[in-house]
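What follows is a set of notes on a single structure, which appears directly below.
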Amino acid sequence: MKINIYGSTGVIGKKTLSLIDKNFPDLNVGLLCAKSNIKLLTKQIQKYQPKYAFLYDHEKITNLNYKIGKTKLLNLNELKSFLLSSQSNLSLLAISGYKSLYFLENIIKNTDNLGIVSKEAIVSGGHIFKKKNYFNKTNIFPIDSEHFSLFELFNKINTKTKTKKIILTASGGPFYKKKFNLLRNIKFEQAIRHPKWKMGYKNSIDSATLVNKCLELIEAHYLFDIPFNKMDILIHPEALVHSIVEFDNYITQFNLFQNDMSIPILNFLCKSKSKYKFNDNNYSIKRYSNLNFNEVKNDIFPIYKFFNKINKKKPENLIKFNIGNEFAVNLYKYNKIKYTDIYRIIKKVTSLNLYSSLNTIKDVIQYHEEVEKKLYNFKI
């Protein structure tokens, strides 16, 4: 059995490779893809000896050539050809940002089981994948804890029992008790210190602002065909209950597990049909006796009120929301704006009057590029 990993040098990619080392000796790595971390990718190639590798940052490719050994380094066109002409058992898509859309269609055609962590790709292209039934062309396995918990539940419950409400929980990040208007001078290093999860900087910032959860609502809408008016968010600081499902028979189910991304990744890797025994001697329900749930307050997370007002029937609004956030987070990372400006810029970008038919993934990518061009002259 082979696995292809897109985003091998990121947090999820590294954790996946570590779990393969410890628990799945028969699972071979066929392809490693990274954005720009040439040093780590080189080490991964030397250790796992995949048949193929890909580095998105073309300027660094020549620096990698002499280190790849028997591994063939693919350019973008060769990667696309490889995906169309081969078939993999497992693929993990852990590329942050919408640029994973460049590969997603071909990855779906290439693999039997797709573990997906790239919520931005689903947010921007989900309406197309849903319309063209792409989600049924491979086994989609959500890795994000909230969607993983729903995925596991929906695979087990009686489908005749209708859901009344889906609630995604949010830890609230590092500032969930502080009013938003007092956070203007929060530094980047403070905002990425998530109290429960170890994530990349983008997800950590998105968690602090609650944008992450807004994007996850869009993702849940597309992945599970859940209407937006049946979904909500609760702040749950312990980050142990990942979703709550209210059924129309008055039963409510809490989906609880440790705040450790190893759990959904391990469950996905078990699709390789390798033998793995889940055995945690430290597990005890007594450890989870103190759980808190609070409504989202507008003066702490104003982005949620704005998100609820967006016309979500128009995919371009969701895409602009996504783009505005990526743009703002990057500005904040490089100290060009204040923390509270992220919210203001998202609102401004979402309100841009720019229409497109958005009938294909190519349309979506072009729309992203058009909006980004407008942002070059954007008055911050």
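The figure for Lys156 is an accessible area of roughly 150 square angstrom, using a 1.4 Å probe on the protein chains alone.
Across the stretch 108-124, coupling constants 3J(HN,Hα) worked out from phi with the 6.51/-1.76/1.60 Karplus curve, θ = phi - 60°, read 4, 6, 7, 10, 7, 9, 10, x, 10, 10, 8, 5, 4, 5, 5, 4, 7 Hz, and Gly and Pro carry x. Charges were assigned to the Cβ only: +1 to each Lys and Arg, -1 to each Asp and Glu. The resulting dipole of the chain about its Cα centre is roughly 460 debye. Solvent-accessible surface of the chain, taken per residue with a 1.4 Å probe and all protein chains present: 49 Å². The 3J(HN,Hα) values that the Karplus relation (6.51, -1.76, 1.60; θ = phi - 60°) gives for the stretch 288-297 are, in residue order, 10, 7, 10, 10, 10, 9, 9, 5, 6, 9 Hz. Gly and Pro appear as x.
In the chain, a dipole from Cβ-located charges (positive for Lys and Arg, negative for Asp and Glu) runs towards its positive end, and of Gln44, Thr9, Tyr376 it is Tyr376 whose Cα lies farthest in that direction. Under a 5 Å amide H cut-off, with hydrogens placed 1.01 Å from N, Lys35 pairs with Thr9, Tyr56 among residues at least 5 apart or on other chains. Sequence-ordered 3J(HN,Hα) estimates for the stretch 134-151 from the Karplus curve with 6.51, -1.76 and 1.60 and θ = phi - 60° stand at 5, 5, 9, 8, 8, 7, 7, 10, x, 9, 3, 4, 5, 6, 4, 5, 5, 4 Hz, glycine and proline given as x. Per residue, the chain reaches -12500 deg cm²/dmol at 222 nm when only DSSP H runs of four or more residues are counted, each adding -39500 (n - 2.57). For the stretch 29-187, the relative contact order comes to 14 percent (Cα pairs under 8 Å, sequence separation of at least 6). Amide H contacts under 5 Å for Phe141: Leu114, Gly115, Ile116, restricted to partners 5 or more places along the chain or on a different chain, H placed in the peptide plane at 1.01 Å from N. The solvent-accessible area of Arg184, taken with every protein chain present and a 1.4 Å probe, is close to 110 Å². Stretching the chain fully between Tyr334 and Lys131 yields a gain of 69.3 nm (0.36 nm per residue, less the alpha carbon separation). Among 323-333, 42-52, 79-89, sorting by the average number of other beta carbon atoms lying within 10 angstrom of each residue, highest first, gives 323-333, 42-52, 79-89. Shape verdict for the stretch 54-201, please, from the Cα gyration tensor: rounded (a/c under 1.5), prolate (a/b greater than b/c) or oblate. Oblate is the answer for the stretch 54-201, as a/c is 1.5 or above yet b/c matches or exceeds a/b.
Ligands, DNA and RNA excluded, the heavy atoms of Cys214 present near 0 Å² of accessible surface to a 1.4 Å solvent probe. If R0 equals 22 Å, the separation of the Cβ atoms of Lys22 and Gln49 corresponds to a calculated FRET efficiency of about 0.75. A cut-off of 5 Å between modelled amide H atoms, ignoring neighbours fewer than 5 places along the same chain, links Gly172 with His236. For the chain, the average shadow cast by the Cα convex hull is 19.4 nm², which is a quarter of the hull's surface.
Starting with the highest mean, order 341-350, 306-315, 227-236 by the number of other Cβ atoms within 10 Å, averaged over the residues of each peptide.
341-350, 227-236, 306-315
Over the chain, Cα pairs under 8 Å with separation of 6+ residues give a relative contact order of 16 percent. Between Leu84, Thr340, Leu19, the Cα set farthest toward the positive side of the dipole of the chain (charges on each charged residue's Cβ, about the Cα centre) is that of Thr340. Extension gain for Ser262-Asn353 works out to 28.6 nm (0.36 nm per residue, less the C-alpha to C-alpha distance).
The values are calculated or read from the model by the stated rules, or taken from the named source; none is laboratory data. Not measured: the values here are computed from a predicted model. Counting neighbours? That spans all protein chains shown, and the Cβs are built from the backbone with ideal geometry, glycine included. Each accessible area value is taken on the protein alone, full model and side chains, heavy atoms only, with ligands, DNA and RNA left out. Shrake-Rupley method; radii C 1.70, N 1.55, O 1.52, S 1.80 Å.
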